Amino acid sequence: VTVAYNKDTSPNKLNLGVGAYRTEVKWDFIFRGLESCVDSFRFVSRVKEYLGITGLADFNKLSAKLILGADSPAIQDNRVTTVQCLSGTGSLRVGAEFLARHYHEQKTIYIPNPTWGNHPKIFNLAGLSVKTYRYYDPATKGLDFQGLLEDLGAAPSGAIVLLHACAHNPTGVDPTLEQWEQIRQLIRSKQLLPFFDSAYQGFASGSLDADAESVRMFVADGGECLAAQSYAKNMGLYGERVGALSIVCKAADVASRVESQLKLVIRPMYSNPPIHGASIVAAILKDSEMYQEWTVELKAMADRILSMRQQLFEALSARGTPGDWSHIIKQIGMFTFTGLNSEQVAFMTKEYHIYMTSDGRISMAGLSSRTVPHLADAIHAAVTRST
């Protein structure tokens, strides 16, 4: 999508395929707190020694607290092992390979349908068998909760289940807290193993705690789970490739043994992670002033995306575009599943120079008040043309 966009010479072209945050006026975006942190952290560029296999200790400790909660009983009981990885993708891959080698139950992972396009490749290449469970209902453009429960209920005991912690990619459809609790009860009763992908903590609702609530519900019951974190979106560290994998175990001695096996996975894969990005994250997370500044900006980003959703919904309503477009404001996070089909997407690309994935997913973060009318015109034309 981006290659085609870059080749387009139209002054009105619009790229809604890339999963990166944009402001109203700037194509790129850097947190103010991040800029000041980098300025004060220039000495990192002079540190060239290898990190240990598991990465920067401060970063790991702070990352576990961010996703699990500072008062997490699992952390207090030393039942968590956390390793620094290469952003979310690397965290998922390390976790997947660890499970493929050592998980004594099923070597099968159930992933939602649909899900991020890289998920099945990551798990397949790591040696796991990939199956899907129902998640999105095209008719309602919402959660197929009954289908989800039926499919996970039919999964064999011991199977692994991939769960998006918040801001589901690509649909923007999340379970309610009540639904999460039903999912938790089902997974525990079936003795399934939850593996969370947390790529958007703080980016969905604007609250770091609210966006981690699904993970914390599973940790609170004392059971096992895995959580892969990425700082690409919520800190804007796309190119730094900063991520973490936390594995919550039932006992401290198990966590210690798990860490030693994770080292054996990481060592031949990439030996050890890079120092710079993790040092930036650790500096922000442990400095109360920078942390506060980051959370304020993060909330502003989430609010701007919510505003884009509202503006697009209102623009389509004003045009009388056929169909119910309320799903745009019901969905959450960076992405929206518009419901447009591949033919409508192709029409919008050809006639309006708007680029998105062929399944109709758009990045709300790529919109601005200036471009919303152009997108609304294109959607209206595509829909009325085919109805």
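When you scan the range 50-137 for helices (runs of 4 or more DSSP H) that lie fully inside it, which ones turn up with 2 or more residues that are open to solvent by less than 20 Å² (accessible area, probe 1.4 Å)?
Those helices (runs of 4 or more DSSP H) span 57-68, 87-102, 119-126.
The number of residues in the range 183-211 being part of a helix (DSSP H, G or I) and crowded, with 24+ Cβ neighbours inside 10 Å comes to 1. Counting only helices (runs of 4 or more DSSP H) wholly contained in the range 276-342, no element carries 1 or more residues that are in contact with a Gly (Cβ under 8 Å, 6 or more places away or on another chain), more than 21 Å from Lys233 (Cα to Cα) and modelled with pLDDT under 90. Of all residues in the range 263-275, those satisfying the criterion of being outside any loop (DSSP other than H, G, I, E, B), touching a residue at least 24 places away in the same chain (Cβ under 8 Å) and of a type outside the set (Val, Ile, Thr) are Lys263, Arg267, Met269, Tyr270. Restricting to the range 97-108, name every residue that is under 24 Å from the mean Cα position of the chain (by Cα), in contact (Cβ under 8 Å) with a residue 40 or more places away in the chain and more than 16 Å from Arg257 (Cβ to Cβ). Those that are under 24 Å from the mean Cα position of the chain (by Cα), in contact (Cβ under 8 Å) with a residue 40 or more places away in the chain and more than 16 Å from Arg257 (Cβ to Cβ): Glu97, Thr108. The residues of the range 337-362 that are among the polar types (S, T, N, Q) and either closer than 10 Å to Ala382 by Cα or surrounded by fewer than 23 Cβ atoms within 10 Å (Cβ to Cβ) (or both), listed by number, are Asn341, Ser342, Gln344, Thr349, Thr357, Ser358.
The values are calculated or read from the model by the stated rules, or taken from the named source; none is laboratory data. Since the model is a prediction, treat every value here as computed from it, not as a measurement. With ideal geometry, Cβ positions are generated from the backbone for all residues, glycine too; neighbour counts draw on all protein chains shown. Surface areas here come from the heavy atoms of the whole protein model, side chains and all, with no ligands, DNA or RNA. Shrake-Rupley method; radii C 1.70, N 1.55, O 1.52, S 1.80 Å.
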